[in-house]
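Notes follow once the structure below has been shown.
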Amino acid sequence: MSFLYPLGLLGLIGIPILILVYIIKSKYTEQTVASTYLWTLSERFLKRKRRPSPLAGIISLILQILAVTLISMAIAHPIITVPDAAKEYCFILDGSGSMRMEAGIPTEEEGAAPVTRFEAAKAAIRSRVEDTVDGSLFTLVFAGDTTGIICERTSDKEQILLLLEELTPAYNTLNPADAIGISQGYFNENSGLKTILFTDSDYPSAENIEVVNMAEAIENYSLSSVSYTHLGDTLTVSGKVTSFESDRALTLLMYLDGAETPAAAETVTVKAGEPSIFSLETDTRAFSSIRVVIEESDALPLDNEYTIHNVKSENSYNTLLVSERPFFLEAMLRSQLGASIDVVTPEEYEGQTGYGLYVFDTVVPMDMTLPTDGTVWLVNVTGSIEGAGYTVQGEVTLGRAELLTLSTSSSSATRALLEGADGKNIAVTRYVKCGFYRNFTTLFSYKGSPVVFAGVTEFGNREVVMAFDLHDSNLPLLADFTTLTGNLLAFSFPDMVESTTYLCGETATVNIIPNCESVRVESPSGEISYLKVDGASDSFRITEAGSYRVSITVSGSVREFFLWSAMTEEECDPTVTPAPIALRGEATDGGFDGQFDPIWVIFIALAVVFLADWMVYCYEKYQLR
């Protein structure tokens, strides 16, 4: 036994002082009262009070000596060494997405959130730590979004429990290799290491590792492989739905653009563990998002919903068409964009802003200036415009329809803009002659004069010029009209985000376009981050399930994109059997001296002694028995 504060034992000096007081204190003696009257008067009191017993005084002295001893011991704080009782522990906590599933443990409070497997695992670790002998060593390894050591070889139980409480599960799939590798290093140093993995996977083999499986048989459904086709006004959404525990009839609901009423519904009979195909269909001209939901609730709501964002419907694709005769352009843009298109006459145009594409058809923009917050298409514009990068030299009327000459340039920009186009049968009867003072990519020309070309304005925005009236050409009647419009739209709206659907753990890339001022990324939990805009692209890792909001500021205008992140199928499926795990080497006992802190026992004993001394005092003072 050792003491943390040995000077506390000086309190034992109080014991001889108590004995001395007991020896010299006044004793009870009988005295003769002279007055018979007084004796008679007090007789009734003497009948109720007996002479104090010497035994009571000795018991009181013993109890007081014990109290002084216990108080001195409590101040000195004894520590008892327990040979070979302490161990070294390495706790590995699985923080993968499936640990967010309900653990099947009833909640104590009505209306409280269900206990998840992760919370149950933390409670199990907490219980293990509290039950160990003081002096044991603890290492906590957390395998979440990344695998790392939370605390290393600490004997402070309060520290590891405090750090444990702050942990939250991730959304991705657990790869135990890194966590096992960390434990292997400690095992090589101490073969008596006790490694305990708290997870929800049923490992077929775990050599030198204790696996605590937090999973229980519980209902879980999931959606996967959700996609859509949009032909004309018909929107069809298909995918797979799975029930992992039992055969069920599941109802699929489809919502468009955040509506509260479903646009379509279907009930699918699903066999346990076998994915079933579903298909939902509705009529819509355009949409911004599709949300598919399993109506029935289960133990993991995160995989019961799937959202697809239509990137072509975001703000960057909204179009303003200024034209007196918009039929050809409006019809083609609506068929290819699937986004909001506002059509105004030249008289109604008042310098509107906030669009990703501005199309001026046979109209000179207001004040002869171009919008600065989006791509510009100039169709049959007969006047020079400040910042356009070219000058108008006049209109040329041909005697008959003449064919345009297709560019023979082999540059990558020209190939991209002409991809899939024949380009040999486009004829015009009139065009606007133009001259460049900036660099443009010419697609079609007539006798050396550029007629269809693309480039950037002086403001850094992309620009497309068709120097003829569509009504003075056969282009709207040719298949090339669809092909060229698609290529020009791809040029006008470069893919700032490469995809709108991801799995947790993947990396999303954002392409940086000219005049991009900032790229702000907001995760489903509200965490904000900013990407670099000084390169061609930047990326960020998808770490949460749900909708990410990517806000891209270009020339002062904000364009928003939404990315949907789903959990991996491995995390949704509780029946997946992982590979065996092991710590290489032969395990030994490896115990070392632990410690027992009896301070709470001393306080209990002290309370009992004080209670007993009080009872003896009452007996002696008031004759209580």
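Output the number of residues of the stretch 338-372 satisfying the condition of being among the aliphatic types (A, V, I, L, M) and under 24 Å from HIS309 (Cβ atoms).
Looking only at that region, the number is 3.
Given the condition under 27 Å from ALA299 (Cβ atoms) and either surrounded by 15 or more Cβ atoms within 10 Å (Cβ to Cβ) or not assigned by TED's automatic domain parsing to the domain that holds LYS194 (or both), answer yes or no: does some residue in the stretch 129-139 qualify?
Within the stretch 129-139, not a single residue is under 27 Å from ALA299 (Cβ atoms) and either surrounded by 15 or more Cβ atoms within 10 Å (Cβ to Cβ) or not assigned by TED's automatic domain parsing to the domain that holds LYS194 (or both).
List pairs: first in the stretch 464-485 and assigned by TED's automatic domain parsing to the domain that holds ASN425, second of a type in the set (A, V, I, L, M) and in a loop (DSSP other than H, G, I, E, B), Cβ under 6 Å, 6+ apart or cross-chain?
Once the first residue is assigned by TED's automatic domain parsing to the domain that holds ASN425 and sits in the stretch 464-485, its partners that are of a type in the set (A, V, I, L, M) and in a loop (DSSP other than H, G, I, E, B) give LEU475/ILE426; ASP480/ALA421; THR483/ALA421; LEU484/ALA421.
Quick one: in the stretch 525-555, which of the residues that are acidic (Asp, Glu) and surrounded by 15 or more Cβ atoms within 10 Å (Cβ to Cβ) is nearest to the chain's Cα centre (by Cα)?
Filtering the stretch 525-555 for residues that are acidic (Asp, Glu) and surrounded by 15 or more Cβ atoms within 10 Å (Cβ to Cβ), the one nearest to the chain's Cα centre (by Cα) comes out as GLU544.
Assess whether PHE481 counts as being part of a loop (DSSP other than H, G, I, E, B) and either at pLDDT 95 or above or within 30 Å of TYR431 (Cα to Cα) (or both).
When the stated conditions are applied, PHE481 does not pass them.
Among the candidates ARG625, ARG541, which residue alone is at pLDDT 85 or above, charged (D, E, K, R) and out of contact with any Lys or Arg (no Cβ under 7 Å at 6 or more places or on another chain)?
ARG541
State which residue pairs qualify: first residue farther than 24 Å from GLY399 by Cβ and inside the stretch 440-462, second residue of a type in the set (Asp, Glu) and surrounded by 22 or more Cβ atoms within 10 Å (Cβ to Cβ) in any location, beta carbons under 7 Å apart, and separation of 6 or more residues or different chains.
Cβ pairs passing all conditions: ALA454/GLU463; GLY455/GLU463; VAL456/GLU463; THR457/GLU463.
Can you name the condition, by its number, that THR242 falls short on among (1) surrounded by fewer than 17 Cβ atoms within 10 Å (Cβ to Cβ); (2) part of a strand (DSSP E or B); (3) in the same structural domain as GLU281 (by TED's automatic domain parsing)?
Of everything listed in (1) surrounded by fewer than 17 Cβ atoms within 10 Å (Cβ to Cβ); (2) part of a strand (DSSP E or B); (3) in the same structural domain as GLU281 (by TED's automatic domain parsing), THR242 misses just condition (1).
State which residue is nearest to THR362 (Cα to Cα) when the search covers only the stretch 446-465 and only residues that are of a type in the set (Phe, Trp, Tyr) and in a strand (DSSP E or B).
Here the residue is PHE453.
Return the only residue of GLU498, GLU463, GLU517 being under 30 Å from VAL226 (Cβ atoms) and modelled with pLDDT under 95.
Of the residues listed, the single one that is under 30 Å from VAL226 (Cβ atoms) and modelled with pLDDT under 95 is GLU498.
Please verify whether THR168 is in contact (Cβ under 8 Å) with a residue 12 or more places away in the chain and either over 21 Å from the mean Cα position of the chain (by Cα) or within 19 Å of VAL212 (Cβ to Cβ) (or both), treating the condition exactly as stated.
Judged against the criteria, THR168 is not a match.
Limited to the stretch 368-378, what total is found for residues that are in a strand (DSSP E or B) and crowded, with 23+ Cβ neighbours inside 10 Å?
Number of matching residues: 4.
Using the structure shown, decide if ALA388 is surrounded by 22 or more Cβ atoms within 10 Å (Cβ to Cβ) and not assigned by TED's automatic domain parsing to the domain that holds LEU235.
Yes.
Given the criterion farther than 17 Å from LEU197 by Cα and of a type in the set (A, V, I, L, M, F, W, C), identify the matching residue among LEU167, LEU162.
Of LEU167, LEU162, the one residue that is farther than 17 Å from LEU197 by Cα and of a type in the set (A, V, I, L, M, F, W, C) is LEU162.
Restricting to the stretch 302-340, what's the tally of residues that are at pLDDT below 85 and among the hydroxyl-bearing types (Ser, Thr, Tyr)?
Number satisfying all stated conditions: 5.
Check ASP200, ASP247 and return the single one that is charged (D, E, K, R), at pLDDT below 95 and surrounded by fewer than 12 Cβ atoms within 10 Å (Cβ to Cβ).
One residue alone meets the criteria, ASP247.
Out of THR369, THR408, report the one residue that is free of Cβ contacts under 8 Å to residues at least 60 places away in the same chain and in contact with a helix residue (DSSP H, G or I) (Cβ under 9 Å, 6 or more places away or on another chain).
THR408
Can you say whether THR234 is modelled with pLDDT of 90 or more, assigned by TED's automatic domain parsing to the domain that holds GLU295 and either of a type in the set (Asp, Glu) or closer than 17 Å to ILE277 by Cβ (or both), as far as the supplied structure shows?
In short, no.
Do we have THR282 as surrounded by 15 or more Cβ atoms within 10 Å (Cβ to Cβ), in contact with a Leu (Cβ under 7 Å, 6 or more places away or on another chain) and in the same structural domain as LEU583 (by TED's automatic domain parsing) here?
no
Just one of the numbered conditions (1) among the aliphatic types (A, V, I, L, M); (2) at pLDDT 90 or above; (3) outside any strand (DSSP E or B) is not true of ALA490; which one?
Of everything listed in (1) among the aliphatic types (A, V, I, L, M); (2) at pLDDT 90 or above; (3) outside any strand (DSSP E or B), ALA490 misses just condition (2).
Being farther than 23 Å from TYR358 by Cα and modelled with pLDDT of 95 or more is the requirement here; does ALA427 meet it?
Judged against the criteria, ALA427 is a match.
Quick test for you: out of ARG559, ARG549, pick the one residue that is charged (D, E, K, R) and modelled with pLDDT under 85.
Of the residues listed, the single one that is charged (D, E, K, R) and modelled with pLDDT under 85 is ARG559.
Checking the conditions here, which among GLU260, GLU281, GLU324 is part of a loop (DSSP other than H, G, I, E, B) and either of a type in the set (Gly, Ala, Ser) or touching a strand residue (DSSP E or B) at 6+ places or on another chain (Cβ under 8 Å) (or both)?
Among GLU260, GLU281, GLU324, only GLU324 is part of a loop (DSSP other than H, G, I, E, B) and either of a type in the set (Gly, Ala, Ser) or touching a strand residue (DSSP E or B) at 6+ places or on another chain (Cβ under 8 Å) (or both).
State which residue is farthest from the chain's Cα centre (by Cα) when the search covers only the stretch 350-367 and only residues that are buried (at least 17 other Cβ atoms within 10 Å of the Cβ) and among the hydroxyl-bearing types (Ser, Thr, Tyr).
Out of the qualifying residues, it is THR362.
Listed here are the residues, each with its yes/no results for (1) farther than 23 Å from GLY460 by Cβ; (2) of a type in the set (Lys, Arg).
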position	(1), (2)
ALA299	yes, no
ARG325	yes, yes
GLU330	yes, no
ILE341	yes, no
PRO346	yes, no
GLU350	yes, no
THR353	no, no
VAL359	no, no
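What do you reckon, is GLU152 touching a strand residue (DSSP E or B) at 6+ places or on another chain (Cβ under 8 Å), within 14 Å of GLU88 (Cα to Cα), not small (Gly, Ala, Ser) and not in a helix (DSSP H, G or I)?
yes
The values are calculated or read from the model by the stated rules, or taken from the named source; none is laboratory data. This structure is a prediction, so every number in the text was calculated from the model and none was measured. Glycine also receives a Cβ, built like all others from the backbone with ideal geometry; neighbour counts cover every protein chain displayed.
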